[in-house]
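Structure first, then comments.
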Amino acid sequence: TAPARYLKSLASDSRQTDRDTITRLLYSIGTKREVERYLRIFSSSSDSSQPAKFAVIKIGGAVLDQVDELALSLSFLYRVGLYPVVLHGAGPQLNSIIEAEGIVPDYIEGVRVTDAKTLQIARRVFLEENLKLVGALEKLGTRARPITSGVFTADFLDKDKYGLVGKITRIDKRPLEASIRAGALPILTSLAESESGQILNVNADIAAGELAKELEPLKIVFLNEKGGLFHGVSGEKLDVINLDEEYDDLMKEPWVKYGTKLKLPVISADSLQRELFTDSGAGTLIRRGYKLYK
Ligand code: ARG
């Protein structure tokens, strides 16, 4: 009908204006040329048959403490029609709660030893943090879906050593793709289920790495609260880490071990635009290959 057509044209006009405004905004962070190039590359990464090919963004738990800023950065992508798959942690939040209950968080080689009590609290905290992010996005008019189960299937990593911790064996990407097709950002938490339905805790960096292996996105981005990685001794922010040179030390870090795709940046939420739409990017870049000279 005519009124429906009119309404539809209004909606697409306003979306177009929206997109134009944001594209103009982007020109303030990079040159027109680079911004346009990356917009083009990222926009053509996905289509309705492969809707989840743009990016996997892993959000460190501490970043969720500034959830409004984070939601703005993600909304920005959403407004230009880019749908990242978002996976968050909630380690700091979980620690403060279990510590308040008199439990001392226990890690072996970076993996949280998870007993029944810890898992019980983790489920609650992860869900709360997930809904907090989804709520902040929706408040900005960015559609988002909480996806808190059904994606990761796992076996016990080592039941005696770590307790209720999963090693991901299978990923079902259909819920993510359905979410994006429906126009909503998929927001995942890093809990898995065993074949028999036992919920298992999974390190969020590792889950993000596994997700990236499955989806093979153009970009994998790790957000932390500090905006990069810092040298252990000098305290300086690192510009680039060369995986092959610093392999042994870095391989102890779960986010490196499982994110071995080329060029993995670690940045803060507010530099997401700069990372994506400029040549120089932001934060600390981890890549394969030796540096020749600098
Ligand atoms: N914007 C480009 C991309 O997303 C380049 C990013 C380079 N990143 C960096 N941290 N140096 O592929």
> For region 39-85, what are the residues that are more than 15 Å from the ligand (Cβ to nearest atom), assigned to a loop (DSSP other than H, G, I, E, B) and among the aliphatic types (A, V, I, L, M)?
Replying inline: Ala52
> Within region 91-113, which residues are among the small types (Gly, Ala, Ser) and surrounded by 17 or more Cβ atoms within 10 Å (Cβ to Cβ)?
Replying inline: Gly91
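Matching residues to (1) surrounded by fewer than 16 Cβ atoms within 10 Å (Cβ to Cβ); (2) under 20 Å from Gly60 (Cβ atoms); (3) at pLDDT below 95:
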{"position": "Val80", "(1), (2), (3)": "no, no, yes"}
{"position": "Gly89", "(1), (2), (3)": "no, yes, yes"}
{"position": "Arg124", "(1), (2), (3)": "yes, yes, no"}
{"position": "Leu137", "(1), (2), (3)": "no, yes, no"}
{"position": "Ile147", "(1), (2), (3)": "no, yes, no"}
{"position": "Thr153", "(1), (2), (3)": "no, no, no"}
{"position": "Leu157", "(1), (2), (3)": "no, no, no"}
{"position": "Asp160", "(1), (2), (3)": "yes, no, no"}
> Only one of (1) over 20 Å from Gly166 (Cβ atoms); (2) within 16 Å of the ligand (Cβ to nearest atom) fails for Glu99. Which number is that?
Replying inline: (2)
>> Here is a check on your reading of the model: is Lys252 of a type in the set (Lys, Arg) and either at pLDDT 75 or above or surrounded by 14 or more Cβ atoms within 10 Å (Cβ to Cβ) (or both)?
In response: no
>> Residue under question is Val266, and the condition is that it be of a type in the set (Val, Ile, Thr), modelled with pLDDT of 65 or more, farther than 21 Å from Leu87 by Cα and within 16 Å of the ligand (Cβ to nearest atom); does it hold?
In response: no
>> With the structure loaded, tell me whether Leu211 is modelled with pLDDT of 90 or more, in a helix (DSSP H, G or I) and closer than 21 Å to Leu264 by Cβ or whether it fails that test.
In response: yes
> Do we have any residue at all in region 114-121 that's loosely packed, with under 15 Cβ neighbours inside 10 Å and among the polar types (S, T, N, Q)?
Replying inline: yes
> Do we have any residue at all in region 175-190 that's in contact with a strand residue (DSSP E or B) (Cβ under 9 Å, 6 or more places away or on another chain), part of a helix (DSSP H, G or I), touching a residue at least 40 places away in the same chain (Cβ under 8 Å) and acidic (Asp, Glu)?
Replying inline: yes
> When you scan region 191-208, how many residues do you find that are at pLDDT 95 or above and either of a type in the set (Phe, Trp, Tyr) or assigned to a loop (DSSP other than H, G, I, E, B) (or both)?
Replying inline: 6
> If you go through region 86-118 one residue at a time, how many are in contact (Cβ under 8 Å) with a residue 24 or more places away in the chain, part of a loop (DSSP other than H, G, I, E, B) and more than 13 Å from Ser190 (Cα to Cα)?
Replying inline: 4
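The values are calculated or read from the model by the stated rules, or taken from the named source; none is laboratory data. Quick caveat, the model's predicted, so the values are computed rather than measured. Heads up, the Cβs are rebuilt from the backbone with ideal geometry, glycines too, and the neighbour counts pull from every protein chain shown.
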